[in-house]
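Worksheet: one structure, shown below.
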Amino acid sequence: MSTPPRRRSAQTSLGQVVLGFELIVVALAALTIFGLGALPPALALGGGAALCLLMVLTIALMMRFKWAFILGWIVQVIFVASGFLVTMLFLIGAVFAGIWTFAMTTGAKLDSQSKGNS
(Lines give C-alpha, C1' and ligand atoms only; values in the text may rest on other atoms or scores of the structure.)
Protein backbone atom coordinates (compact mmCIF):
# COMPACT_ATOMS: atom_id res chain seq x y z
CA MET A 1 0.00 0.00 0.00
CA SER A 2 1.17 3.49 -0.74
CA THR A 3 1.06 6.30 1.76
CA PRO A 4 -1.50 9.04 1.15
CA PRO A 5 -0.06 12.22 -0.38
CA ARG A 6 0.80 14.97 2.07
CA ARG A 7 -1.71 17.82 2.17
CA ARG A 8 -0.30 20.96 0.60
CA SER A 9 -0.27 23.95 2.91
CA ALA A 10 -2.06 27.17 2.00
CA GLN A 11 1.24 29.02 2.16
CA THR A 12 2.78 26.60 -0.34
CA SER A 13 -0.21 26.80 -2.67
CA LEU A 14 -0.32 30.59 -2.64
CA GLY A 15 3.44 30.87 -3.06
CA GLN A 16 3.43 28.52 -6.03
CA VAL A 17 0.63 30.45 -7.72
CA VAL A 18 2.41 33.78 -7.24
CA LEU A 19 5.71 32.41 -8.56
CA GLY A 20 3.92 30.77 -11.49
CA PHE A 21 2.40 34.05 -12.64
CA GLU A 22 5.60 35.93 -11.88
CA LEU A 23 7.51 33.45 -14.04
CA ILE A 24 5.68 34.72 -17.13
CA VAL A 25 6.40 38.34 -16.22
CA VAL A 26 10.10 37.62 -15.58
CA ALA A 27 10.43 35.94 -19.00
CA LEU A 28 8.83 38.97 -20.64
CA ALA A 29 11.04 41.31 -18.60
CA ALA A 30 14.14 39.47 -19.83
CA LEU A 31 12.96 39.94 -23.40
CA THR A 32 12.37 43.63 -22.68
CA ILE A 33 15.88 44.04 -21.23
CA PHE A 34 17.24 42.30 -24.33
CA GLY A 35 15.13 44.39 -26.72
CA LEU A 36 16.11 47.68 -25.11
CA GLY A 37 19.78 46.72 -25.14
CA ALA A 38 20.11 47.32 -21.39
CA LEU A 39 22.47 44.33 -21.22
CA PRO A 40 24.38 42.29 -23.79
CA PRO A 41 22.09 39.67 -25.36
CA ALA A 42 23.72 36.66 -23.69
CA LEU A 43 23.52 38.30 -20.28
CA ALA A 44 19.95 39.56 -20.71
CA LEU A 45 18.56 36.27 -21.97
CA GLY A 46 20.86 34.06 -19.88
CA GLY A 47 20.12 35.98 -16.71
CA GLY A 48 16.40 35.88 -17.42
CA ALA A 49 16.58 32.15 -18.09
CA ALA A 50 18.56 31.59 -14.89
CA LEU A 51 15.99 33.50 -12.84
CA CYS A 52 13.16 31.57 -14.50
CA LEU A 53 14.96 28.31 -13.72
CA LEU A 54 15.39 29.40 -10.08
CA MET A 55 11.66 30.14 -9.93
CA VAL A 56 10.69 26.74 -11.37
CA LEU A 57 13.07 25.06 -8.92
CA THR A 58 11.57 27.04 -6.04
CA ILE A 59 8.03 26.06 -7.06
CA ALA A 60 9.06 22.40 -7.04
CA LEU A 61 10.99 22.57 -3.76
CA MET A 62 8.26 24.41 -1.84
CA MET A 63 6.31 21.15 -1.51
CA ARG A 64 9.14 19.43 0.36
CA PHE A 65 11.36 21.99 2.08
CA LYS A 66 10.59 25.01 4.24
CA TRP A 67 13.88 26.65 3.22
CA ALA A 68 12.55 26.92 -0.34
CA PHE A 69 10.45 29.86 0.84
CA ILE A 70 13.72 31.74 1.38
CA LEU A 71 14.49 31.14 -2.31
CA GLY A 72 11.15 32.78 -3.06
CA TRP A 73 12.23 35.87 -1.12
CA ILE A 74 15.55 35.88 -2.99
CA VAL A 75 13.66 35.79 -6.29
CA GLN A 76 11.66 38.84 -5.17
CA VAL A 77 14.83 40.78 -4.30
CA ILE A 78 16.44 39.91 -7.64
CA PHE A 79 13.35 40.94 -9.58
CA VAL A 80 13.05 44.27 -7.77
CA ALA A 81 16.78 44.86 -8.35
CA SER A 82 16.23 44.38 -12.08
CA GLY A 83 14.76 47.86 -11.93
CA PHE A 84 18.32 49.15 -12.12
CA LEU A 85 18.30 47.90 -15.73
CA VAL A 86 14.80 49.04 -16.72
CA THR A 87 13.26 51.53 -14.29
CA MET A 88 9.67 50.28 -14.72
CA LEU A 89 10.77 46.91 -13.30
CA PHE A 90 11.12 48.58 -9.89
CA LEU A 91 7.36 49.07 -9.90
CA ILE A 92 6.52 45.65 -11.32
CA GLY A 93 8.97 43.94 -8.95
CA ALA A 94 7.55 45.84 -5.98
CA VAL A 95 4.01 44.78 -6.93
CA PHE A 96 5.04 41.12 -7.07
CA ALA A 97 7.02 41.44 -3.84
CA GLY A 98 3.86 42.83 -2.22
CA ILE A 99 1.76 39.98 -3.59
CA TRP A 100 4.40 37.49 -2.38
CA THR A 101 4.38 39.07 1.10
CA PHE A 102 0.60 38.92 1.20
CA ALA A 103 0.63 35.27 0.05
CA MET A 104 3.20 34.29 2.68
CA THR A 105 1.49 36.03 5.59
CA THR A 106 -2.05 35.01 4.61
CA GLY A 107 -0.97 31.44 3.88
CA ALA A 108 0.75 31.18 7.26
CA LYS A 109 -2.39 32.47 9.01
CA LEU A 110 -4.60 30.01 7.14
CA ASP A 111 -2.25 27.15 7.96
CA SER A 112 -2.18 28.01 11.66
CA GLN A 113 -5.98 28.26 11.72
CA SER A 114 -6.38 24.87 10.04
CA LYS A 115 -3.95 23.30 12.54
CA GLY A 116 -5.95 24.81 15.36
CA ASN A 117 -9.17 23.29 14.01
CA SER A 118 -7.67 19.83 13.60
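Worth pointing out:
- Among the residues listed as Ala103, Ala68, Ala94, the single one being more than 17 Å from Val17 (Cβ to Cβ), aliphatic (A, V, I, L, M) and over 10 Å from the mean Cα position of the chain (by Cα): Ala94
- Note on the stretch 69-97: residues that are open to solvent by 60 Å² or more (accessible area, probe 1.4 Å) and of a type in the set (S, T, N, Q) amount to 1.
- Residues in the stretch 1-58 that are open to solvent by 90 Å² or more (accessible area, probe 1.4 Å), within 18 Å of the chain's Cα centre (by Cα) and at pLDDT below 95: Arg8 alone.
- Across the stretch 98-111, the number of residues qualifying as of a type in the set (S, T, N, Q) and either on the phi > 0 side of the Ramachandran plot or exposed (fewer than 13 other Cβ atoms within 10 Å of the Cβ) (or both) comes to 1.
- Test: residue in the stretch 38-58 that is of a type in the set (A, V, I, L, M, F, W, C) and under 18 Å from Ser9 (Cβ atoms): no
- If only residues of the stretch 59-68 that are in a helix (DSSP H, G or I) and open to solvent by 20 Å² or more (accessible area, probe 1.4 Å) are counted, the one that is nearest to Gly98 (Cα to Cα) is Ile59.
The values are calculated or read from the model by the stated rules, or taken from the named source; none is laboratory data. Everything quoted here is computed from the prediction, not taken from an experiment. All Cβ positions, glycine included, derive from the backbone under ideal geometry; neighbour counts span all protein chains shown. Please note that ligands, DNA and RNA were not included when accessible areas were found on the heavy atoms of the full protein model with its side chains. Shrake-Rupley method; radii C 1.70, N 1.55, O 1.52, S 1.80 Å.
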